[in-house]
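I have a structure here, written as structure tokens, and I will follow up with some questions on it.
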């Protein structure tokens, strides 16, 4: 399963992404509530339909704030240029069996790859 981050969704909503469409059709995409929240803050055509479709996707595990802070400390994720939501996504992938993160964010990708949680070969 692939947890798709906000950067990939935004790109898909602007330009379309055939790889993401295939993964959606095959039921391989996970969502995280923070990704839905970030997408919801943008200007969306077909807002209700898009948000409804995102809510219908299988949800990745959601780490508690305490789990995320421990995850950040244990994996030395501080000072690497990622944000708190990014850390939540990495923790979610760690907690979701056989999941991988797909991101277009260079720093998040580097952090995820260092932990074996993200790939850039997905697209």
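In whole angstrom, note down how far apart the Cα centers of segment 7-29 and segment 30-80 are.
16
Evaluate the relative contact order of segment 2-119 (contact order divided by residue number), counting alpha-carbon pairs under 8 angstrom at least 6 apart; express in whole percent.
Relative contact order, segment 2-119: 31 percent.
Return the single residue from 33, 97, 58 with maximal mean-square fluctuation; model: Gaussian network over the chain, springs between Cα atoms under 10 Å.
Highest fluctuation among the options: 97.
Let me ask something additional. Once both axes come from the Cα atoms, what is the angle between helix 84-95 and the longest principal axis of the chain, in degrees from 0 to 90, rounded to 10?
Taking the Cα atoms of the chain, the angle to 84-95 is about 90 degrees.
Another question about this same structure. Need one number: convex hull volume per residue for segment 1-70, Cα atoms only, in Å³.
97
Moving to a separate point now. Mind sorting out which of (1) 40, 27, 25; (2) 52, 29, 23; (3) 52, 34, 29 is the real Cα extents along the principal axes in Å computed from the coordinates?
Recomputing Cα extents along the principal axes in Å here picks out (1).
Another question, if that's okay. Between 32, 55, 73, find the one with the highest GNM mean-square fluctuation for the chain; connect C-alpha pairs within less than 10 Å.
Maximum among the listed residues: 73.
Using helices alone, I'd like the mean residue ellipticity at 222 nm for the chain: each DSSP H run of four-plus residues gives -39500 (n - 2.57), total over residue count, nearest 500.
Calculated from helices alone, the mean residue ellipticity at 222 nm is -15500 deg cm²/dmol.
All of the numbers you see were taken from the coordinates with simple rules; none came from a lab. Predicted, not measured: the structure shown is a model, and the values here were computed from it.
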